[in-house]
1. Using Cα pairs under 8 angstrom and six or more residues apart, how large is the relative contact order of the chain, in percent?
2. Please work out how much length the chain gains when fully extended from Phe518 to Thr142, using 0.36 nm per residue of separation minus the C-alpha to C-alpha distance, in nm with one decimal.
3. Could you check the simple spin-label distance between Arg302 and Arg382, using points 7 Å along Cα→Cβ, in nm with one decimal?
4. Nothing charged except the Cβ atoms of Lys and Arg (+1) and of Asp and Glu (-1): what's the magnitude of the dipole of the chain about its Cα centre? Round to the nearest 20 debye.
5. Report the extension gain between Gln372 and Ile579 in nm, rounded to one decimal, defined as 0.36 nm multiplied by the number of residues separating them, less their alpha carbon distance.
6. Report the paramagnetic label zone for Gln344: residues of the stretch 281-317 whose backbone N is under 15 Å from a point 7 Å from Cα along the Cα-to-Cβ axis.
7. Quick one: 3J(HN,Hα) in Hz for the stretch 131-146, Karplus 6.51/-1.76/1.60 with θ = phi - 60°, rounded, Gly and Pro as x.
8. Using a 1.4 angstrom probe on heavy atoms only, work out the carbon and sulfur share of the accessible area of the stretch 195-320 in %.
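The values are calculated or read from the model by the stated rules, or taken from the named source; none is laboratory data. Quantities reported herein were computed from a predicted structural model and do not represent experimental measurements. We place every Cβ from the backbone using ideal geometry, glycine too, and count neighbours over all the protein chains shown. Each accessible area value is taken on the protein alone, full model and side chains, heavy atoms only, with ligands, DNA and RNA left out. Shrake-Rupley method; radii C 1.70, N 1.55, O 1.52, S 1.80 Å.
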Amino acid sequence: MKKSLTATYKTLCIRVIAIVVMTMATYTATAQKTNDGKQKSAKQTEKLSDGKKTDSQAAKQTKKLSADDQALFDYFFLEAEIQQQKGNYAGAFDLLRHCKEIYPESAELNYKMGQYYLTLKEDSLADAYFEKAANADPDNGTYQEVVAQSCIKKGKFDKAIETYEEFYKHNRDRSDVLETLVRLYLQQNDYKNAIHTLDRLETAEGKNEKISAAKAQMYAESGDDKGAYREISALAEQYPNDLNYQVLKGDFLMQKGKYKDALAIYEQVLKEEPENNSARLSMLNYYKISENQEQYDIWQRRILRSKKTDTTTKLTLLREAVMENAKEGGDSTKVINLFKDVLQEEQTTPDMLILYSLYLSSVKAPRDTIAQALQEVLKVDRESSAARIQLIQYAWEDKDYDKIIEIARPATEYDSENMAFYYYMGLGYYLKNDLDNALKTFRQGVSVINQQSDPALVADYYSIMGDILQAKGDSKGAFAAYDSCLVWKDDNIGCMNNYAYYLSVEGQQLDKAEQMSFRTIKEEPKNATYLDTYAWILFKQKRYAEAKTYIEQAMENDTTHSSEVIGHAGDIYANNGDIDKAVEMWQKALEQSDKEAKDEDNRKSEEERMKARNLLEKKIKLKKYIEQ
């Protein structure tokens with residue numbers, strides 16, 4: 001049957017009205033963007049309208065929605081969703097307000113309005129709308145949970161409990177709601193209802209250790225020891241083949257001071273299951289409480305030696321042994337022997353070996369013993385950087401540069417982005433005078449520099465690269481490296497000293513060299529190396545009197561009696577007119593050079609040494625300064 005003309009006309013009118021309202025909504029949204037005051041006014045009006053309702057409003061809410069009103073409501077609501085997706089939140093909000101005028105009791109509408117007010121940080125209005133949504137549709141879990149969570153956030157635990165309880169009536173499959181209720185009842189110290197809720201959870205999920213243990217704890221905290229013991233006993237009866245529940249009974253009795261009863265249970269469990277780890281640990285605790293040290297030691301060793309004991313338990317026991325031993329000031333040999341007992345078994349993780357090495361370090365065990373433990377760590381876990389760095393430190397102390405390289409090289413393979421191991425490896429080559437491999441290694445390290453790199457470490461890289469390049473005769477490359485160092489760390493005085501010295505040797509940029517060198521002696525006014533560099537730069541600048549002052553300070557502070565410093569002093573005395581003092585200094589420099597040749601730490605090549613020696617002999621013979 002065709003629609004009547006009147007009905008058709010009415011439907012068309014409704015659509016026209018909807019279009020007009022939509023146009024007005026869009027206009028309103030535009031106006032709101034240019035005038036925030038109007039939107040604020042609308043919010044204030046909305047707040048007022050959410051107070052006491054007028055009779056006409058109440059009547060409208062109770063009135064049954066006609067088909068046409070429903071169509072108009074659905075249209076506005078859908079259009080609001082579309083506008084929201086487009087990012088036109090103001091327009092969407094206005095459309096929702098039109099929906100409210102048509103059907104204010106709509107659960108979906110109230111929930112959506114609540115979300116908007118939550119975004120606007122109008123929490124009280126948001127909560128009011130969420131409650132309306134929950135009341136309108138009590139079967140909707142989302143609405144109920146939002147209300148309950150809001151109550152928890154505000155500390156309104158009674159209201160939250162009421163809401164969750166109501167929600168659970170309609171959602172019996174949601175056992176997680178019961179868990180939340182347990183926490184809320186405990187927040188209120190309502191053990192009775194917390195236990196009752198756990199009973200309901202037990203009915204829903206079945207009896208298990210987690211629930212029974214929680215109930216037992218609540219019984220105990222509420223002072224009902226009988227109830228707690230009854231709960232644990234029921235669990236043990238339900239799972240007679242799992243003797244760990246019997247151990248739980250024993251532990252509870254132990255807590256209540258019934259030691260003999262507890263011991264009887266532990267012994268019975270171990271009789272039936274000798275390797276039961278829980279019972280063994282409880283026995284250990286029993287002997288600790290009863291202060292029976294002999295039995296405690298026996299059980300401790302038994303547990304640590306057992307292959308059935310997991311690594312975590314062993315680590316815990318050993319940490320306790322370490323702390324107890326330190327507290328009592330006892331002999332470390334006892335603890336070391338415990339570690340040895342455990343380490344007789346092949347280790348698949350490094351944790352035990354790391355703890356052992358740390359303990360050895362703490363009791364100042366022989367370094368070889370610690371190093372051996374660290375080597376064992378690397379056998380199990382080659383990526384243990386801490387163990388590797390400690391071994392590098394030992395090799396450094398021994399001046400075993402081959403060992404440094406050997407230890408560092410594998411780390412550059414598995415941890416190729418870590419600059420530290422390139423640094424150690426490069427230093428090893430450098431200190432061996434293997435300049436080519438040193439430079440190659442440092443360049444590999446420089447290639448992994450990023451924004452997170454340690455500026456001090458990067459600066460050291462470039463500083464040492466500068467020294468290497470200078471030693472290889474590449475002054476231009478050396479000075480570029482020194483510049484890079486000072487970009488990363490402009491107060492690296494070691495770099496500044498070398499940079500300044502080599503500039504003076506090359507006779508380049510002496511003013512720049514003097515400024516850098518002066519900074520170094522300001523930082524360390526008694527550093528003989530820095531004083532010598534500054535004196536030499538002044539000498540190069542023909543400031544001989546000043547140079548004499550600083551070279552004398554350098555010799556006063558030079559505990560190594562460097563032939564280079566003494567030789568510089570001779571040159572400076574000669575240019576100050578004191579040739580006798582100059583010859584004396586050159587002679588001393590010659591003698592010291594011969595001694596340095598026998599020093600294994602001397603980094604000068606034989607060619608460099610002989611060149612310097614020949615020059616000194618020539619100066620002494622001619623009794624005059626000869627420029628290098």
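1. Working: 644 pairs, mean separation 21.0, N = 628.
For the chain, the relative contact order is 3 percent.
2. Numbers: separation 376, 0.36 × 376 = 135.36 nm, distance 7.36 nm.
Once the chain is fully extended between Phe518 and Thr142, it gains 128.0 nm.
3. Roughly 4.2 nm, to one decimal.
4. Details: 88 positive and 103 negative charges, 394 e Å.
It works out to roughly 1900 debye.
5. On the way: separation 207, 0.36 × 207 = 74.52 nm, distance 5.93 nm.
Extra length available between Gln372 and Ile579 comes to 68.6 nm.
6. It comes to 298-309, nothing else.
7. Running phi through 6.51 cos²θ - 1.76 cosθ + 1.60 with θ = phi - 60° gives 5, 4, 5, 5, 5, 6, 9, x, 7, 7, x, 4, 4, 5, 5, 4 Hz.
8. On the way: 3210 of 6930 Å².
After summing per-atom areas, the C and S share lands at 46 percent.
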